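The values are calculated or read from the model by the stated rules, or taken from the named source; none is laboratory data. All of these numbers come straight from a predicted model, not from anything done at the bench. Methodologically, a virtual Cβ is constructed for each residue, glycine included, from the backbone with ideal geometry; neighbour enumeration extends over all protein chains shown. What goes into the accessible areas is simple: the full protein's heavy atoms, side chains included, and nothing from ligands, DNA or RNA. Shrake-Rupley method; radii C 1.70, N 1.55, O 1.52, S 1.80 Å.
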Amino acid sequence: MVDDILRTPGAVRDAERWTAHNYHPLPVVISSAEGAWLTDVDGKRYLDCLAGYSALNFGHRHPQLISAAHAQLDRLTLTSRAFIHDQFADFCRELAELCGKDLVLPMNTGAEAVETGIKVARKWGYQVKGVPAGQANIVVAEGNFHGRTTTIVSFSTDEDARADFGPYTPGFTVVPYGDLDALTAAIDENTVAVLLEPIQGEQGVVVPPEGYLPGVRQVCTDRNVLFIADEIQSGLGRTGATFACDHEGVVPDMYLLGKALGGGIVPVSAVAANADVLGVLKPGQHGSTFGGNPLACAVAVEVVRLLATGEFQRRSAELGERLRAGLEGLVGKGLVGVRVRGLWAGLDIDPTLMSGREACERLAARGVLAKDTHGSTIRLAPPLVITEAEIDLAVAALAEVLAA
Ligand SMILES: Cc1ncc(COP(=O)(O)O)c(C=O)c1O
């Protein structure tokens, strides 16, 4: 087929023409999907190895989630929090139980969950810890990615994310990720929280040294500081456990959740914490028109039920070992580094061979969709419904790309 009878080039041109260029997508135009597979407007099929940055942990259009969404669409979609709806309590209770926490505060996007966590930590600092007014600080890590709001980019160390968006929100101290001594030294009497990703996803699936997260937990307990774990990308089965913190037996004071919580259907995020923390918020002090809406709750409660079976965590752990074995076999054959936790992998391509972007373009040509991050690093995060044969297919496509 020649270009002018394919629909993709025109659709790519139209998308470029009519939107701000705040993304640089691969030139594929998807029109349908099921499980781990995507189909584009020209009928070409792709294996999804990004899963919406982990928002599609249960695959595209998981039948249980789609049927919950359909049923809810036919009954009630929005009330605002001015009234209570009949899907709300079950979702909050079941998510709180999954997290082992007293309470849940639902929002929509990941960034909103992070903003909520920051606000709650500050209020807790003033009202419970006794920090003098306006003096609260939060310790964060270099290489962090917590979202795109003005406050969140204020403590980003990625110049693309941060530059020219000032004036910046004060009250954050940045320390090297994985360095417990630096983190401990940064905590002072006005520190209300340490905010960390237990694995840094955007940074390239960077796993901190063993013992770091338990060390952070301990120092937070000792110094009366809240440990906030941003599990928006790492949580809900991605790493072979419900939460990435579980791998080291760590329980944070606050979980920030998002992405997969919406089942790949609706944006749903949440903060889960105990009553002594989330209880600092009183009516009128925080909220969102769409947060905790009936459609979101109806889908997200089914997500929680899928996770409560443990099946997806198990799949992720078992299939992750196959992914690891395949990828480690490519080290020295085009890869210079590989980090794998469950079905989540950061791959460092030999930068003398090609950029991460080039590798992703070549993978797409072979029917595998993945996304580069930072230079020559690629992240793989396939839906947890992927099969062994499909993992082998992705690894074989990568081997071809690296050998070409
Ligand atoms: C760890 C982490 N936190 C927060 C966010 C922000 O989520 P959202 O894009 O839904 O605002 C992301 C998104 O990639 C993330 O990976």
Residue list for the range 266-299, restricted to those being among the β-branched types (V, I, T) and surrounded by fewer than 24 Cβ atoms within 10 Å (Cβ to Cβ) = V266, V280, T289
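Of the residues in the range 150-177, how many are part of a loop (DSSP other than H, G, I, E, B), open to solvent by 20 Å² or more (accessible area, probe 1.4 Å) and farther than 28 Å from G130 by Cβ?
Residues flagged as part of a loop (DSSP other than H, G, I, E, B), open to solvent by 20 Å² or more (accessible area, probe 1.4 Å) and farther than 28 Å from G130 by Cβ within the range 150-177 amount to 9.
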Would you confirm whether any residue within the range 316-339 is touching a residue at least 40 places away in the same chain (Cβ under 8 Å), in a strand (DSSP E or B) and polar (S, T, N, Q)?
-> no
In the range 110-131, how many residues are open to solvent by 70 Å² or more (accessible area, probe 1.4 Å) and either within 13 Å of the ligand (Cβ to nearest atom) or more than 27 Å from G262 (Cβ to Cβ) (or both)?
-> 3
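Given A133, A193, which one is under 15 Å from C220 (Cα atoms) and more than 18 Å from the chain's Cα centre (by Cα)?
A193
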Do you know which of the residues in the range 50-63 that are under 12 Å from V385 (Cβ atoms) and part of a helix (DSSP H, G or I) is nearest to the ligand (Cβ to nearest atom)?
-> A51
Taking the stated definitions as given, is T191 surrounded by fewer than 22 Cβ atoms within 10 Å (Cβ to Cβ), β-branched (V, I, T), at pLDDT 95 or above and more than 12 Å from the ligand (Cβ to nearest atom)?
-> no
Could you please let me know if H21 is away from the ligand (no atom under 16 Å from the Cβ) and either surrounded by fewer than 12 Cβ atoms within 10 Å (Cβ to Cβ) or within 20 Å of W344 (Cβ to Cβ) (or both)?
-> yes
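Can you name every residue in the range 145-158 that is in contact with a helix residue (DSSP H, G or I) (Cβ under 9 Å, 6 or more places away or on another chain) and either within 12 Å of the ligand (Cβ to nearest atom) or not polar (S, T, N, Q) (or both)?
F145, H146, G147, R148, T149, I152, V153, F155, S156
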